[in-house]
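To start, the structure under review is shown below, and the notes come after it.
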Amino acid sequence: ISIVIEERLRDTIYKGDTSDRNPIYEQAFNVFLDNPLIGKQFALFINGEYAYPHNIILEAFMALGIGGGMVIVYILISAIKKSFIIVNCRDVNYWIFLILIQQISSNMTSGAIYSDPLLSMLLVFIFLYYDNINQTILNGQ
């Protein structure tokens, strides 16, 4: 993890420092509460300007509602589990999955679902790669 991301995560976890994002988190949560079943919007509008929640899970619930938010959480947890399995097996491509873990960690404090093509690409890659590895093992190759 980069030094900046590590510092931001440590401050968030151990000191409760949200870099003055509490008003943004609160507004995002209120948008979620406005329409919790199907969600309402991907972006926040604060004082006439565009903003985003800086947390992909909060954004998922805000934009997609309970159902969509739970799907995003399930996808992220599954991807992290698969990444750890691949990293622990010392697969030749394990470094790609370390990047995925870093990207997910980064997007927990600063990121948006709709504007992160690297995260999207890595999520697709891990599910395809993991399934390919499982098929190879099942076929005895």
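The values are calculated or read from the model by the stated rules, or taken from the named source; none is laboratory data. The model shown is predicted, which means the values in this text are computed figures rather than measured ones. A quick note on method: Cβ atoms are made from the backbone with ideal geometry, for glycine too, and the neighbour counts reach across all protein chains shown. Just so you know, the surface numbers come from the protein's heavy atoms only, side chains and all, with ligands and any DNA or RNA stripped out. Shrake-Rupley method; radii C 1.70, N 1.55, O 1.52, S 1.80 Å.
Specify which of the listed residues (Ser83, Ser105) is touching a helix residue (DSSP H, G or I) at 6+ places or on another chain (Cβ under 7 Å), within 22 Å of Glu7 (Cα to Cα), surrounded by 13 or more Cβ atoms within 10 Å (Cβ to Cβ) and polar (S, T, N, Q). Walk me through it before giving the result.
Numbers: Ser83 fails: within 22 Å of Glu7 (Cα to Cα).
Every option except Ser105 fails the conditions.
List the helices (runs of 4 or more DSSP H) inside segment 51-140, counting only whole elements, that have at least 1 residues being touching a Ser or Thr at 6+ places or on another chain (Cβ under 7 Å) and among the aromatic types (Phe, Trp, Tyr). Reasoning before the result, please.
On the way: elements: 56-88, 94-107, 117-138.
Counting at least 1 such residues, we get 94-107.
Within segment 14-31, does at least one residue satisfy the condition of being assigned to a helix (DSSP H, G or I), basic (Lys, Arg) and at pLDDT below 85? Even if it seems obvious, please write down each step before you answer.
Step one: filter segment 14-31 for residues assigned to a helix (DSSP H, G or I), giving 14-15, 22-31.
If we keep only those that are basic (Lys, Arg) as well, we get 15.
Within this subset, residues satisfying the condition of being at pLDDT below 85 are 15.
Checking segment 14-31: at least one residue is assigned to a helix (DSSP H, G or I), basic (Lys, Arg) and at pLDDT below 85.
Every residue in segment 37-68 that is in contact with a Gly (Cβ under 6 Å, 6 or more places away or on another chain) and open to solvent by 30 Å² or more (accessible area, probe 1.4 Å), please.
Matches in segment 37-68: Leu37, Ile38, Phe61, Leu64.
Scanning segment 105-134 for residues that are modelled with pLDDT under 90 and β-branched (Val, Ile, Thr), which turns out farthest from the chain's Cα centre (by Cα)?
Ile133
Go over the candidates Ile5, Ile85, Ile38, Ile57 one by one and state the one that is within 19 Å of Asn107 (Cβ to Cβ) and at pLDDT 80 or above.
Numbers: Ile5 fails: at pLDDT 80 or above; Ile85 fails: within 19 Å of Asn107 (Cβ to Cβ); Ile38 fails: within 19 Å of Asn107 (Cβ to Cβ).
Exactly one of Ile5, Ile85, Ile38, Ile57 is within 19 Å of Asn107 (Cβ to Cβ) and at pLDDT 80 or above, namely Ile57.
One line per residue, one yes/no per condition, for (1) among the hydrophobic types (A, V, I, L, M, F, W, C); (2) more than 14 Å from the chain's Cα centre (by Cα); (3) at pLDDT 90 or above:
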position: Met70; (1), (2), (3): yes, no, yes
position: Tyr74; (1), (2), (3): no, no, yes
position: Ile77; (1), (2), (3): yes, no, yes
position: Ile80; (1), (2), (3): yes, no, yes
position: Cys89; (1), (2), (3): yes, yes, no
